[in-house]
Every structure is written in C-alpha cells, then in structure tokens.
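The values are calculated or read from the model by the stated rules, or taken from the named source; none is laboratory data. Every value quoted in this text rests on a predicted model; they were computed, and no experiment measured them. Heads up, the Cβs are rebuilt from the backbone with ideal geometry, glycines too, and the neighbour counts pull from every protein chain shown.
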Amino acid sequence: MTSRPTIDDLSSFWMPFTANRQFKDAPRLLESAKGMYYRTTDGREVLDGCAGLWCVNAGHSRDEIVAAITKQLSTLDFAPTFQMGHPLAFEAASKVAELMPAGLDRIFFTNSGSESVDTALKIALAYHRARGEGQRTRLIGRERGYHGVGFGGTSVGGIPANRKAYSGALLPAVDHLPHTHDLAHNAFSKGQPAWGAHLADELERLIALHDASTIAAVIVEPVAGSTGVLIPPQGYLQRLREICTKHGILLIFDEVITGFGRLGKATASEYFGVTPDLLTMAKAINNAAIPMGAVAASRTVHDTIVGNGAPGAIELFHGYTYSAHPAAAAAAIATLDLYRRDALFERAASLAPGFEKAVHALRDATHVKDIRNLGLVAGVELEPRVGAPGARAYEAFVKCFEAGVLVRFTGDILAFSPPLIIDEAQIARIFDTVRNVLATVA
C-alpha cells in the first residue's frame, strides 16, 4: 500500500526533481530512520537500498553523529568563516585531507555537491589566471554527466533534461566528451568493461579544435551515478589523466557519489589509482546529517592561487555563509571517525563480490536489458515501454517501495547504492524483491 500523509495540505512544498502532481496524488512519506531502515508515516519498515540519495553510507541516525551534532548546537550554533574561524572547521578539514589522495590536502568547504562543483570550476579558472594563463576559460564535461544544478555544473553536465530549460543561459565556453556506455560492447559487464578506453582520446580531438591554451579543466564523474551507473572502461581514467597532464589542463573528479567508501576505498581516485587536481565531494562526507560538501585541491593549485595574492588581500573571492558550519563540521568529524572505527570502507570491499553476484543474478529477470556494477553500486537497465520512456522503471520503483525496499530510478534504470553497513541477507532481500516486482510490471 502507499503511505498516507500526516498533514492535510501538501501544496506548499515545491518538491525537487519530482513529478509534483503525481507524487501528491499518492504520496510516499518517510517519518523516521535507523540503521538500514526507514519507517513510513503509516508504520511500515522500508529497507534502504540506495543510502537515502547515495549519501547515508554509515546507516541512518548513528548515535555518535547525533550526539556530536547535539553537543555542537548547544555549544556553538554558528560561527562565520569569512575572516574568522572555529576549531572544528580546521579539524574537519584535516580529517578529510587524511583520506584524500596524496597531495590533495587543501580543503574548501561548501554545503552541497552542486556548490562543490561550481567551487571547483571557479578554482580552476582562478588557478590559470594566477599563473598568467587567464585565457584558459574553456571547461570540458561529458555527455550523460551530472554535476549538480548550479549554472556551472549544469553547463558541464550532459543530461539533456537538466539542461533544456536553461540552455540559452548556460556557460558559453563549454564542450563535452562522449559518454562511455555502449551496450553493443559492454552489456552485462561485471566491474570495469574492457571496451572503451579509446574514448578518452576524444579529449585530444577537442584540444585540437579549441587549442589547449584555451582549456582550463576537464570534469568527469569516475563512476557516473545519477545518469544510471556508468562504469569507466579499463584504462579510460588513466588516459584522461595523461592527456590533461600533457596539455596543462586541470582534471577534476566529481566524487560526490563515489567518495567515502562506495567503491571500497576512501575515494574512487584511490580505487582506480588516478589522482586528479581537484576532487569534489559531499553527501557521505558527514553521512548527510547536515548539508555539507567540499573540494580537495592539490597543493600546486592551492599554493599558486594563495601565493600569488597580494599581502593582506583575499586570494579567492568565493565562499558561502555556511562553509564549515559548526554542526556540519561536528557531524563530519564524527562520521569520519566512525568510518575508520568500524572499517566501513573495508566492509564495502568485502561485500562487493556478493553484491555483484546478487545483482547479476537478475540477468534473466523480466524486462532486464543490462546490468553494471562496481563496489557497492549497481544499475539495472530495463527495456523501455514503447512511447513511455521511464514509466516501467517508475512502476518498479513504486512497487518495490510498497514491498518494503527503497531503490532509485532514473529513466528506465534502477540504481542501487545501499549503506555500507548492509549485510548479505539484506542484499539478497533487495534483489529478490526487485525480481519479484519485475515479474508483475507490465
């Protein structure tokens, strides 16, 4: 059955990325959460198969995080970080830096993944200006990429529906690499597909077209999540790194989804052995308890910008009122300590083979067109209904929820990214539910 609201009027809240009229006709309302489970307003327990929104990696309502936030709000509810500071901001930055790839230890705090991306793009432009190459203003994104909803992130993003309404006002000096997904070559790949590394060489074509002297940065998601879980081909990210280094172009990894254990390592950069110049993060940085994001910058990038500022002058004219908010910083410190104490990254790595086996067992399930996975993230692509793209996956999403399992859907793709505390029985339940549901979906 579908949850019923506890309030009479749902009209005031304009919901994000939601078919508002459809939702409010049959709302699905979550009232509380603990561990691996949500509870709805009508008292049903729902197993979380997507870590909320790719973000609750340590599980819901962890006591340590709740206590840290509660204590902080009763001690220091807010402090500015413009020309001022508070101790937890510096402690949180140091703890984040410890988990980043070597050399990416200068941390700029934001409040979301969208803000992190726009911050990274501005840092890239500021870096080239500081080193005397201010003509490097072009940004290269990738088709099917998702980099948040700011104008910078939307411009370098490559999901058509996200760009359509704003296309006349997006950043002009932007181009896009082709995406790496091709069912003819990599359908039902387990882990990284063998085909597709050559697509990184499309960057050389764009460089030849625009000239390297005009290009500031390339931004990609190491694993594209929001577009439906696209896994990078073997050697692809390494090739991007080589080309960017060759031409003096900064490489930005958007790790808002992959950061903090999703692939069994602290970052996808660590997992793939490829170090970018800038790395964006958010979501699981503090288990999504308080809005927070960050950009990790290399010392080269940081020192070039800061070192070229006039004495006593602001070096980077950028920031947010809530950068390193005390409660968000407290949550981050508690979360990062918890990840380490409970060895959750290592746990994710140990669960990954069983997770892969369970999701690929759906290969013969009704409507399944493709399956791809890496670490504790997977996408199951369905054959679309004729004339109704996305309708089949939406129906499956609703029926899974009614059966007590929360999954994500994007287009005709079901996406899975459970909290890292999940166990084998819960993994089995998620995919058994999906199989049963797909058998009932038209």
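The conditions are (1) touching a Phe, Trp or Tyr at 6+ places or on another chain (Cβ under 9 Å); (2) surrounded by fewer than 18 Cβ atoms within 10 Å (Cβ to Cβ); (3) part of a loop (DSSP other than H, G, I, E, B), and Tyr322 fails exactly one of them. Which is it? (2) is the only condition that Tyr322 fails.
Here is the figure for region 80-119: residues that are small (Gly, Ala, Ser) and surrounded by 24 or more Cβ atoms within 10 Å (Cβ to Cβ) total 3. The set of residues from region 149-158 being under 14 Å from the mean Cα position of the chain (by Cα) and surrounded by fewer than 24 Cβ atoms within 10 Å (Cβ to Cβ) comprises just one member, Val149. Evaluation of Ala327 against the conditions (1) within 30 Å of Val229 (Cβ to Cβ); (2) assigned by TED's automatic domain parsing to the domain that holds Leu73; (3) in a helix (DSSP H, G or I) shows that the sole unmet condition is (1). Contact map, region 47-76: residues that are in contact (Cβ under 8 Å) with a residue 40 or more places away in the chain and under 15 Å from Gly225 (Cα atoms) paired with residues that are buried (at least 19 other Cβ atoms within 10 Å of the Cβ) and charged (D, E, K, R), Cβ distance under 6 Å, separation 6+ or inter-chain. Pairs shown: Cys50/Arg408; Trp54/Lys283; Cys55/Lys283. Going through (1) crowded, with 24+ Cβ neighbours inside 10 Å; (2) in a helix (DSSP H, G or I); (3) among the aliphatic types (A, V, I, L, M) one by one, Leu209 falls short only on (1). Within the set Val295, Val274, Val301, the sole residue that is crowded, with 16+ Cβ neighbours inside 10 Å, of a type in the set (Val, Ile, Thr) and over 26 Å from Pro80 (Cβ atoms) turns out to be Val274. Residues in region 240-256: is at least one buried (at least 24 other Cβ atoms within 10 Å of the Cβ), in a loop (DSSP other than H, G, I, E, B) and under 20 Å from the mean Cα position of the chain (by Cα)? So far as region 240-256 goes, yes, one or more of its residues are buried (at least 24 other Cβ atoms within 10 Å of the Cβ), in a loop (DSSP other than H, G, I, E, B) and under 20 Å from the mean Cα position of the chain (by Cα).
Looking at Trp54, is it among the aromatic types (Phe, Trp, Tyr) and buried (at least 16 other Cβ atoms within 10 Å of the Cβ)? The answer is yes for Trp54. Would you call Thr335 at pLDDT 95 or above, surrounded by 15 or more Cβ atoms within 10 Å (Cβ to Cβ) and in the same structural domain as Ala184 (by TED's automatic domain parsing)? When the stated conditions are applied, Thr335 passes them.
For the residues Gly168, Gly145, the requirement of being within 18 Å of Thr227 (Cβ to Cβ) and assigned by TED's automatic domain parsing to the domain that holds His318 singles out Gly145. Looking at region 316-342, which of its residues are more than 15 Å from Asn111 (Cα to Cα) and in contact with a helix residue (DSSP H, G or I) (Cβ under 7 Å, 6 or more places away or on another chain)? Leu316, Ile333, Ala334, Thr335, Leu336, Leu338, Tyr339, listed by residue number. Per the listing Gly411, Gly404, Gly390, the residue uniquely of a type outside the set (A, V, I, L, M, F, W, C) and within 21 Å of the chain's Cα centre (by Cα) is Gly411.
Of the set (1) touching a helix residue (DSSP H, G or I) at 6+ places or on another chain (Cβ under 8 Å); (2) surrounded by 23 or more Cβ atoms within 10 Å (Cβ to Cβ); (3) in a helix (DSSP H, G or I), all apply to Lys122 but (2). Quickly run through region 359-387 and pick out the residues that are surrounded by fewer than 22 Cβ atoms within 10 Å (Cβ to Cβ), in contact (Cβ under 8 Å) with a residue 60 or more places away in the chain and part of a helix (DSSP H, G or I). Correct list: His360, Ala361, Leu362, Arg363. Just one of the listed residues (Phe13, Phe82, Phe90, Phe108) is at pLDDT 95 or above, over 30 Å from Asp342 (Cα atoms) and assigned by TED's automatic domain parsing to the domain that holds Gly150, and it is Phe82. Of the helices (runs of 4 or more DSSP H) lying entirely inside region 128-197, those containing at least 1 residues that are closer than 25 Å to Ala352 by Cβ are 183-186. Please verify whether region 157-176 includes one or more residues that are in contact with a strand residue (DSSP E or B) (Cβ under 9 Å, 6 or more places away or on another chain), over 22 Å from Val256 (Cα atoms) and of a type in the set (Asp, Glu). No, the conditions are met nowhere in region 157-176. Considering region 73-108, and only residues there that are under 23 Å from Gly312 (Cβ atoms) and aromatic (Phe, Trp, Tyr), the residue that is nearest to the chain's Cα centre (by Cα) turns out to be Phe108. Restricting to region 277-289, name every residue that is on the phi < 0 side of the Ramachandran plot and surrounded by fewer than 23 Cβ atoms within 10 Å (Cβ to Cβ). Answer for region 277-289, where residues must be on the phi < 0 side of the Ramachandran plot and surrounded by fewer than 23 Cβ atoms within 10 Å (Cβ to Cβ): there is none.
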